[in-house]
1. If you check every pair at least six apart or on different chains, which have Cβ atoms under 8 Å apart with a residue in the stretch 41-60 that is in contact (Cβ under 8 Å) with a residue 24 or more places away in the chain first and a residue that is hydroxyl-bearing (Ser, Thr, Tyr) and within 12 Å of the ligand (Cβ to nearest atom) second?
2. Any chance you could count how many residues in the stretch 122-149 are crowded, with 16+ Cβ neighbours inside 10 Å and within 16 Å of the chain's Cα centre (by Cα)?
3. For residues that are within 15 Å of the ligand (Cβ to nearest atom) and either assigned to a strand (DSSP E or B) or free of Cβ contacts under 8 Å to residues at least 40 places away in the same chain (or both), scanning just the stretch 116-148, find the one that is nearest to ARG18 (Cα to Cα).
4. Consider MET84 carefully, then state whether it is away from the ligand (no atom under 16 Å from the Cβ), surrounded by 14 or more Cβ atoms within 10 Å (Cβ to Cβ), in contact (Cβ under 8 Å) with a residue 12 or more places away in the chain and of a type outside the set (Gly, Ala, Ser).
5. Suppose the filter is touching a residue at least 24 places away in the same chain (Cβ under 8 Å), closer than 20 Å to LEU12 by Cβ, of a type in the set (Phe, Trp, Tyr) and surrounded by 13 or more Cβ atoms within 10 Å (Cβ to Cβ); does PHE158 pass it?
6. Hey, among the residues in the stretch 94-111 that are over 17 Å from GLU149 (Cβ atoms) and within 14 Å of the ligand (Cβ to nearest atom), which one's nearest to the chain's Cα centre (by Cα)?
Amino acid sequence: MMTVCLYGNPILRKKGRRIDTVTPEIRQLADEMIDTMHASEGIGLAAQQIGHDLQLTVIDIPDSIDHKSRMWIDHQPVVIADFMPMVLINPKVEGTKKKDSASEGCLSFPGVSVEVRRSSRIEVRALNLDGQPLHFDADGLLGRCIQHEVDHLNGVLFIDHADPETRRIIKPDLEALRAQGQAQISS
Ligand code: ZN
């Protein structure tokens, strides 16, 4: 299992580099990310969180925690479980103007949760691990999780979406985390 980078580690603010070719190294990295995400009981993990500035993220939303997400390919509903775990390379997301608010956590911010407004439904274009194009729509927790991960790939963190009052409340937690994250780099 790889170590998850904590807030304070500057890699989390780096925009991921585009992946031009899906090499065996990228496939192995994605496999290790899936293992790390599962071991950490997360539902998504971005390359930055394991120390790589790449446009690569993995997602796995088990049926047991979420029955409400929907996914469509060519406007036809599909069974989400058939696509999990999901690997997205160079993802681009377009979201609806309609937004929903929900509480989010992040493996790089243990113990911190923040209410985040995100598009209710998204359209996603990416490559899969075979280098083949993926194009689908998603809503619910799946749509939210993908928006959270794609933010990571651009160096954006969920706390950036917090309102000023929430920022004030979580400030001590963030300061403690930042010290841990910075210790990670120097160790
Ligand atoms: Zn995160």
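Values quoted throughout were computed directly from the atomic coordinates according to the rules given, and no laboratory measurement underlies them. Values in this document were obtained by computation on a predicted structure and should not be read as measured data. Heads up, the Cβs are rebuilt from the backbone with ideal geometry, glycines too, and the neighbour counts pull from every protein chain shown.
1. GLY44/THR57; LEU45/THR57; ALA46/THR57; ALA47/THR57; GLN49/SER108
2. 17
3. Of everything passing the filter in the stretch 116-148, ARG118 is nearest to ARG18 (Cα to Cα).
4. Yes, satisfied.
5. Yes: the conditions hold for PHE158.
6. Here the answer is PRO110.
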